[in-house]
Amino acid sequence: MITQLRPAVVLAVGALLLFGLAYPLAGTGVSQLLFPHQADGSLTKNGSTLVGQPWSGPQWFHGRSDPDNPLRLDGVSGASGGSNLGPRSRQLVAAVRAEAAQLRRIGAQPTADLVTSSGSGIDPDITPQDAFAQVPMVSKSTGIPELQLRRLIRTLTVGPELGFLGPSYVDVLQLNSALARLR
Amino acid sequence: MHFALTVLLLAALLALSWRYLGSYLEAVYSGRVHWLSWVERVVYRLLGVDPGHEQRWREYAVSLVVFSGVSLLLTYGLLRLQGQLPLNPQHLPAVPPLLGWNTAVSFLTNTNWQNYAGETTMSYLSQMAALTVQQFISAAVGIAVAISLVRGLSRTGASTIGNFWVDTVRGCLYVLLPIAFVAGAVYVAQGSVQTLAGPVLIHDVLNGATQLIPRGPVGFMESIKQLGTNGGGFFNANGADPLENPTQLTNLLSVVLLLIIPVALTYTFGKMVGSRRQGLALLAAMGLIFAVWTGFTGYSESQPNPAVAAAGVVAQPQGNMEGKEVRFGVLDSTLYDVASTQTSTGSVDSTPDSYTPMGGFGLLTGMMLGEITPGGDGSGLYTLLLFAIVAVFIGGLMVGRTPEYLGKKIQSREVKLASLGVLVMPVAVLVITGIATALPAGRAGAFNSGPHGFTEILYALTSQANNNGSAFAGLNGNTAFYNLAGGIDMLVGRFGVMFPVLALAGALASKQTVPVSRGTFRTDNATFVVLLLGVILIVGGLTFFPALSLGPLLEQLSHGRFF
């Protein structure tokens, strides 16, 4: 037992120095050198394109229904995460019903992605179909022709990556930033 | 269909890693890889270890225990002292004692069960020096134990099974570190955060929202989290968080990373015992279960979410999107979660708690089979070898002949040890789940009502005993009861299997090899694979069926009812 103590302590401390400090610090150095924009959180002046934001009113495209969007409490950081509501949860039925009614009230067609919440609670994306479902609403409210909005959505649609990985999607912040420039 | 191409690409990458990484691993653990020998030499001198010294199984186990004890104390100490230590830009206070215990055990045992939200609990130093470190070490220890068992099978009349210190150091240096570093850079290039600069406050003039965006050294933790089949993410949402797993490419990279070592180890095993077909037979058993479970879970999740449909949104073109990210979609999300639950990784890119009843059943049962399809780094191979020994024993009973595996006679001691190793996990899961449902403190943890609430409890204790770490995360696990019970569950699930494995390695190493004869039951053909699958499914199925029928099965059958 005692003879094993020295290698155990030395290895535990050595691993701490190598994997706990040298490895992440070297990784941070490389990242900041080669990919500073990504390493800092893909920030634009209106927020990170990787972090969903709350959008209300008919003049903006809406993202996923992330009611507990942890970062939307002004200035207070919370934890990311999904609703964790099960597939037979009454609470989920009520939440979806409320979200759908809210979307209908402002003139958007509630799609499955728009009324459900994501796994992260900060999903930055919607599918092009989700965006198209909001085109009449946004067009009516902003006066921008539907055709132009549809073209905008198509230009900003990315994926599938490598031509086949996963679905296509639109980043809501990028879409709304482009929309703001059109006005 | 796009998804078929994704699966093909994954299969091709795994085939390559099976062949080449598997071969490389064999060379690493046989001591034929030297490109970091100058580092190794310094390390052994500091440790005071003679790399040429071989250990008997008891000495190997003692080294493992002492090292684990020291690591546990160090991790716990760092978590408790984080308030006084540097690299804590959010000025987070010490992690409370019981949560610190659960978390330290969790990372030590390669479980990475998280009763905390990383971005609001852990300082950057804790994430790096306490948690990331264990993500390297626990994976290397798992592989070391697997290799020592394979040595036991391949040696004849030997008294030793290798050197714990050498195996652990070599696994870290030659395998985990280089792959994790390269993959970490890819994560960051795709958008994972990697900075020490602390959270950033941004005001959006378009919608008036102000967000405090959490950041940290994420990308390089992400790579070892997957490669080491650990699963403990930097942020609470784990692989669903876009700052951790930003694109479809990183999503696929994650699936690849968490599968490559467990898959490659079957090649390593074959090469070490002198027959690649033996490794291929194990891989076939793993692959068949994995493929069926991926298909079943993917199909289940492609069905509409009943609650969303009941709320009037009937058109759900992709299937159940509650708890899933748009950039991954349903099928890629389920592939990730299935791979993660069946490799004892436990990171998730979609919320298991919101899966359909049968989708959740797929994830839960993937763990209940014992994390062998292909299982965690090392732990998958050694647990599957226990099942293989039980399988040849049953085969031997059927034909009335002393069973052999790879020329080793499987006798009373070996069968006892293998059975012990196989039964530890189900006993831990069922006993502790029973206690949890009997006590108010256990029942209080459930978030959803009805059968789903029971599934949350069962899932938590299954996940921890299997050192997986994924969760039906609605469960409130940060309570005295779950922190304590979960810690015990994880320790039993890890060391309760490792000790029988090491004892078995010692017992097998000392045996002579029996020459192959016409009466030898072959373990490298389809008959054996079917027998092995039968043993795995019957042990898993019969043990857990009653519990499953109270959870996901009951929920699936409750058509039209909401809780």
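The values are calculated or read from the model by the stated rules, or taken from the named source; none is laboratory data. Predicted model, so just to flag it, every value in this text is computed and none were measured. Note: ideal-geometry Cβ built from the backbone for every residue, glycine included; neighbour counts use all protein chains shown.
Observations, loosely collected:
- Of all residues in region B:206-214, at least one satisfies being more than 16 Å from B:Met128 (Cα to Cα) and more than 7 Å from chain A (Cβ to nearest Cβ).
- The residues of region A:110-162 that are crowded, with 24+ Cβ neighbours inside 10 Å, charged (D, E, K, R) and not in a helix (DSSP H, G or I), listed by number, are A:Asp123, A:Asp125.
- Criterion violated by B:Ala291 - all others in (1) among the hydrophobic types (A, V, I, L, M, F, W, C); (2) in contact with a Pro (Cβ under 8 Å, 6 or more places away or on another chain); (3) surrounded by fewer than 23 Cβ atoms within 10 Å (Cβ to Cβ) satisfied: (2)
- A single entry from A:Ser56, A:Ser89 fulfils the requirement of being at pLDDT below 95 and assigned by TED's automatic domain parsing to the domain that holds A:Asn176: A:Ser56.
- Test: B:Gly171 is under 18 Å from A:Ala26 (Cα atoms), within 22 Å of the chain's Cα centre (by Cα) and either in a loop (DSSP other than H, G, I, E, B) or at pLDDT 95 or above (or both): no
- Whether a residue is more than 7 Å from chain A (Cβ to nearest Cβ), touching a Leu at 6+ places or on another chain (Cβ under 9 Å) and more than 29 Å from B:Phe528 (Cα to Cα) was assessed, and B:Ser275 does not pass this test.
- First in region A:30-49 and within 7 Å of chain B (Cβ to nearest Cβ) and assigned to a strand (DSSP E or B), second anywhere and modelled with pLDDT of 95 or more and crowded, with 20+ Cβ neighbours inside 10 Å, Cβ under 7 Å, 6 or more apart: A:Gly47/A:Leu173; A:Ser48/A:Gly41; A:Ser48/A:Ser42
- Single residue of B:Ser106, B:Ser154, B:Ser138 found to be more than 12 Å from chain A (Cβ to nearest Cβ) and buried (at least 21 other Cβ atoms within 10 Å of the Cβ): B:Ser106
- Region B:397-414: number of residues that are buried (at least 18 other Cβ atoms within 10 Å of the Cβ), of a type outside the set (D, E, K, R) and not in a loop (DSSP other than H, G, I, E, B): 1
- Given (1) more than 25 Å from A:Gly163 (Cβ to Cβ); (2) in contact (Cβ under 8 Å) with a residue 60 or more places away in the chain, number of the condition B:Thr250 does not satisfy: (1)
For (1) touching an Asp or Glu at 6+ places or on another chain (Cβ under 9 Å); (2) aliphatic (A, V, I, L, M), each residue gets a yes or a no:
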position	(1), (2)
B:Gly346	no, no
B:Asp349	yes, no
B:Pro374	no, no
B:Met398	no, yes
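- The residues of region B:46-78 that are assigned to a helix (DSSP H, G or I), more than 10 Å from chain A (Cβ to nearest Cβ) and not hydrophobic (A, V, I, L, M, F, W, C), listed by number, are B:Arg58, B:Tyr60, B:Tyr76, B:Gly77.
- Enumeration of residues in region B:409-437 that are more than 18 Å from B:Leu502 (Cβ to Cβ), under 18 Å from the mean Cα position of the chain (by Cα) and not aliphatic (A, V, I, L, M): B:Pro426
- Among (1) under 30 Å from B:Leu5 (Cβ atoms); (2) modelled with pLDDT under 95; (3) more than 9 Å from chain B (Cβ to nearest Cβ) - the single one A:Leu156 does not satisfy: (2)
- Of the numbered criteria (1) within 14 Å of another protein chain (Cβ to nearest Cβ); (2) touching a Leu at 6+ places or on another chain (Cβ under 8 Å); (3) surrounded by fewer than 23 Cβ atoms within 10 Å (Cβ to Cβ), the one B:Thr543 fails is (1).
- One residue from A:Gly107, A:Gly63, A:Gly27, A:Gly82 being at the interface with chain B (Cβ under 7 Å from one of its Cβ atoms) and in a loop (DSSP other than H, G, I, E, B): A:Gly82
- Candidates B:Gly100, B:Gly77, B:Gly69, B:Gly48, filtered to the one that is more than 25 Å from B:Gly486 (Cα to Cα) and free of Cβ contacts under 8 Å to residues at least 60 places away in the same chain: B:Gly48
- The lone exception for B:Pro89 - which of (1) outside any helix (DSSP H, G or I); (2) more than 12 Å from chain A (Cβ to nearest Cβ) it fails: (2)
- Residues in region B:305-347 that are outside any helix (DSSP H, G or I), surrounded by fewer than 24 Cβ atoms within 10 Å (Cβ to Cβ) and more than 8 Å from chain A (Cβ to nearest Cβ): B:Val314, B:Gly319.
- Look at region B:270-298: where a residue is farther than 30 Å from B:Phe3 by Cβ and a partner is of a type in the set (Lys, Arg), sitting 6+ places away or on another chain with Cβ atoms under 6 Å, you get B:Gly270/B:Arg276.
- Some residue of region A:123-132 being on the phi > 0 side of the Ramachandran plot and in contact with a helix residue (DSSP H, G or I) (Cβ under 9 Å, 6 or more places away or on another chain): no
- The number of residues in region B:128-166 that are assigned to a helix (DSSP H, G or I) and over 23 Å from B:Leu282 (Cα atoms) comes to 14.
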